[in-house]
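All remarks here apply to the structure that follows.
Values in this text are rule-based calculations from the coordinates and carry no lab data. Please read these numbers as outputs of a predicted model, since none were measured by experiment. So basically every Cβ, Gly included, is an ideal-geometry build from the backbone, and we count neighbours across all protein chains shown.
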Amino acid sequence: MQNKIKHTILKGVAAFAVTLFFACGNNAEELQRFSQRTDGPAAKGEGIVLRYTDSGKVKATLKTPYMLDYGISEFPYQEFPDGIDVTFVSDDDKENYITSNYAKLFKQTNLVDLRNNVVLIMSDSTILRTSQLYWDQRNNWVFTNRAYTINFQDGSFNNGNGFDSSENFKNFLSSGNQSKMYIKEGKNTKSDSLNE
């Protein structure tokens, strides 16, 4: 009788194992998620330097002292708790820099959340400072709902309570702003033609 019970239990365990094997199929990613713990990062890295290249040309370099990768979570992301330092190289070989004391990159949406002492330095010496900046890499858009300051090379500035902009700042919409701008008058301006 005991042998019959053991044999029945072994048949049940074997049937469960076969069912589990065929239910998983070839979906290795799901099996990996199932077998790994999800309460912490899947990977950690120190002293990271990442380079993004396009057709053999370096387009961006990211440096960070510490990175956590939550790539197997339901909404995968990379976290940079000690901040980032990124250099972007434009098509005309001009460099723009951005730093922050904290950053998070959401992999599915390509949205970057930069926080704490965010500083963007453009190749023309324009400097943007804010406490938080979102960068939508997919749509080439940057925005914030926090106070910001932009200082331009000629001494003009723009302060506000938030903005939406293309990443090259050609389409710029801000709220609650105050600014001082210098405009150069040329020979063909209306004021010049009225004085002649």
Practice item. Assign one of three labels to region 41-180, namely rounded, prolate or oblate, based on the Cα gyration tensor with a ≥ b ≥ c the square roots of its eigenvalues; rounded applies when a/c is under 1.5, prolate when it is not and a/b is larger than b/c, and oblate otherwise. Key: prolate
Practice item. Round to a whole angstrom and tell me the spacing of the C-alpha centers of region 43-59 and region 94-111. Key: 13
Study note, to complete from the structure: Too long for a 28 Å Cα-Cα cut-off, among LYS63/LYS184; LYS44/LYS94; LYS63/LYS107; LYS57/LYS184; LYS57/LYS170; LYS59/LYS180, are LYS63/LYS184; LYS44/LYS94; LYS57/LYS184; LYS59/LYS180
Practice item. Name the shape class, rounded, prolate or oblate, that the alpha-carbon gyration tensor gives for region 105-144, where a ≥ b ≥ c are the square roots of its eigenvalues, rounded holds for a/c under 1.5, and otherwise prolate holds if a/b is larger than b/c and oblate otherwise. Key: oblate
**Study point:** Spin-label model distance (nm) - ASN161 vs ARG138, 7 Å beyond Cα toward Cβ
**Key:** 3.0
Revision key, fill the gap. Per the 1/(1 + (r/R0)^6) rule, R0 = 35 Å and r from the Cβ atoms of GLN178 and GLU74, FRET efficiency to 0.05 is 0.25
Check your understanding: Which of TRP141, TRP135 comes first, and how do the rest follow, when ranked by fewest Cβ neighbours within 10 Å?
Key -> TRP141, TRP135
Practice item. Would you please give the residues with an amide H less than 5 Å from that of GLU167, counting only those at least 5 places away or on a separate chain, with H modeled from the backbone geometry? Key: TRP141, VAL142
